[in-house]
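**Student:** First the structure, then my questions, so here it is.
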Amino acid sequence: MGRYVLGQLFSYVLLFFAITLLVFVLFFALPHQRQAGLRSRTQTSRSQGSVTAGYVDYVWEIVRHGSLGTSSVDRADVRTKLLHAAPVTLSLVLGGVVVWFMLAVPLGLIAALRPRSLLDRAGNVFVLIGLCAHPVWLGLMLSYVFGHYLHVLPPVGYCAIDNPSTGCDGLREWAEHLVLPWFTFGMLNAALFTSMVRALVIEQLGEDYVRTAHATGAGELHVLTRHLFRNISLPIVTMVGLNLGTALGTVVFIETAFDLPGLGGILRQSALRRDLPTTAGSVVFLAVAVMLLNLLVDLAYTVFDPRVRLASSAPPLRV
C-alpha cells in the first residue's frame, strides 16, 4: 500500500509542475502580459533573467512560502483572500456531495429494481433536466420559487457560523442559506450519476452471486446491503473521482447565482477586473484542491478494493 501511495503522490507532483507551468506561461510569460503593465515578484525576476528563472522563482514562492502573489487591483495578498473564501466553497461542495448521493443512489436503485415503471420514467425525466439545465438557471429558479415566492428559504447570500457582525449567526442560519446552493449542486451532478447507478445495479442483478443468494432464501434487502452494494461501491468511487473536476466547475456558476463569497466568486471577479495575479492564484489553488480530493479518492480505492493493496504489496516479478 505504501508503494501505491508513493506512486500516486509522485504522479500528482508531476501534475502540479505541469499546471503551474501552464499558468505561468499563460498569465506571466506571454507578451501581452508585459503590455498590461503588470509587475510582480515573478515578473521582475523574469525581466532580469530568463523565463525559466522566472518559473523557478514562481514555483519556489508557492512551495516554500505558500505565496500566490499580490492583486494588481487592490494590492491584497492573494493567498489571504483565497483562504478567507475557501470555507464557503468547502461548505458548498461538502453539503452538495451529500445531496448528490442522497438523490442519485436511491433514484438509481429504485429505477433498477423497477425498470420501465413510473418511478423509472420519472428518474429519466430528472436525468434529462439535470443534464440540460445550466447551473445559473437552475439556481435562479430555485431561488425564485423557494426564496421570493414561497419565502421558506433565503434566496441569496451567505451567513457565517461564527461572525455575529454580519447580522446572521449560528448553525441554523448558516445551513438555511446553503440549502438551495446544496440542492443546485446536488441535482446537477446527481442527474448523470443516477443513470450510472441504475446501469450498475441492473448489471449486478444478473450476476451469478445474486441469483445464488436469492436461491439460498436471502431476502432482497439482505442481498442489496450485504452483496450488491459491496460490489458497486468501487465503480461508484471511480465515477466520483472522474467527475470531481467537472463538479467543481459548476461551483463558479452556483456561487454567482446565490451571491456566495467563495472561490468561484473571486475567480469570476478577478477575471472581469483583469486581475491576472488573483486569477492565476485562484486557478492554482483550485487545481491543488482537486488534486488533493483525487488523492483521497485514490486512497479510498485501497479500502474498497483489496486487489489494490495486494498488487501494491506484492513483490516484483523476476525473469
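**Student:** Any idea which of (1) under 30 Å from V156 (Cβ atoms); (2) exposed (fewer than 14 other Cβ atoms within 10 Å of the Cβ); (3) modelled with pLDDT of 90 or more is the one G96 doesn't satisfy?
**Tutor:** Against the list (1) under 30 Å from V156 (Cβ atoms); (2) exposed (fewer than 14 other Cβ atoms within 10 Å of the Cβ); (3) modelled with pLDDT of 90 or more, G96 comes up short only on (2).
**Student:** Hey, another quick one. Filter the range 110-159 down to residues that are in a helix (DSSP H, G or I), open to solvent by less than 30 Å² (accessible area, probe 1.4 Å) and modelled with pLDDT under 90 and give me whichever is nearest to T246 (Cα to Cα). Break it down stepwise before answering.
**Tutor:** Initial filter on the range 110-159 (in a helix (DSSP H, G or I)): 110-113, 118-132, 135-149.
Of the ones still in play, those that are also open to solvent by less than 30 Å² (accessible area, probe 1.4 Å) are 111-112, 120, 123, 127, 130, 135, 138-139, 142-143, 147.
Still in the list and also modelled with pLDDT under 90: 111-112, 120, 123, 127, 130.
Values: A111: 25, A112: 26, D120: 26, G123: 22, V127: 17, G130: 14 Å.
Within the range 110-159, the match that is nearest to T246 (Cα to Cα) is G130.
**Student:** Of everything in the range 62-78, what is open to solvent by 30 Å² or more (accessible area, probe 1.4 Å) and either closer than 17 Å to V283 by Cβ or touching an Asp or Glu at 6+ places or on another chain (Cβ under 7 Å) (or both)? Give them in sequence order.
**Tutor:** V63, T70, S72, V73, D77
**Student:** Can I ask one more? Quick check on this structure: which one of L267, L296 is closer than 30 Å to E61 by Cβ, at pLDDT 80 or above and surrounded by fewer than 20 Cβ atoms within 10 Å (Cβ to Cβ)? Can you show your working first?
**Tutor:** Values: L267 fails: surrounded by fewer than 20 Cβ atoms within 10 Å (Cβ to Cβ).
Answer to the check: L296.
**Student:** Going through the range 225-255 one residue at a time, which ones are loosely packed, with under 15 Cβ neighbours inside 10 Å, closer than 19 Å to A191 by Cα and not small (G, A, S)?
**Tutor:** Correct list: L242, T246.
**Student:** Any idea how many residues of the range 210-224 are open to solvent by 70 Å² or more (accessible area, probe 1.4 Å) and not charged (D, E, K, R)?
**Tutor:** Pass one, the range 210-224, residues open to solvent by 70 Å² or more (accessible area, probe 1.4 Å): 211-212, 214-216, 220-222.
Add one more test, that the residue is not charged (D, E, K, R), and what stays is 212, 214-216, 221-222.
Number of matching residues: 6.
**Student:** Among the numbered criteria (1) closer than 13 Å to M187 by Cβ; (2) without any contact (Cβ under 8 Å) to a residue 60 or more places away in the chain, which single criterion is violated by H151?
**Tutor:** H151 satisfies every listed condition except (1).
**Student:** Which fully enclosed helices (runs of 4 or more DSSP H) of the range 195-309 have 2 or more residues being touching a Phe, Trp or Tyr at 6+ places or on another chain (Cβ under 8 Å) and of a type outside the set (S, T, Y)? Even if it seems obvious, please write down each step before you answer.
**Tutor:** Details: elements: 208-215, 220-223, 229-249, 251-257, 263-272, 276-304.
In the range 195-309, 229-249, 251-257, 263-272, 276-304 are the helices (runs of 4 or more DSSP H) which contain 2 or more residues that are touching a Phe, Trp or Tyr at 6+ places or on another chain (Cβ under 8 Å) and of a type outside the set (S, T, Y).
The values are calculated or read from the model by the stated rules, or taken from the named source; none is laboratory data. Since the structure is predicted, the reported quantities are computational estimates derived from the model, not experimental observations. Backbone-built Cβ (ideal geometry, glycine too); neighbour counts: all protein chains shown. Just so you know, the surface numbers come from the protein's heavy atoms only, side chains and all, with ligands and any DNA or RNA stripped out. Shrake-Rupley method; radii C 1.70, N 1.55, O 1.52, S 1.80 Å.
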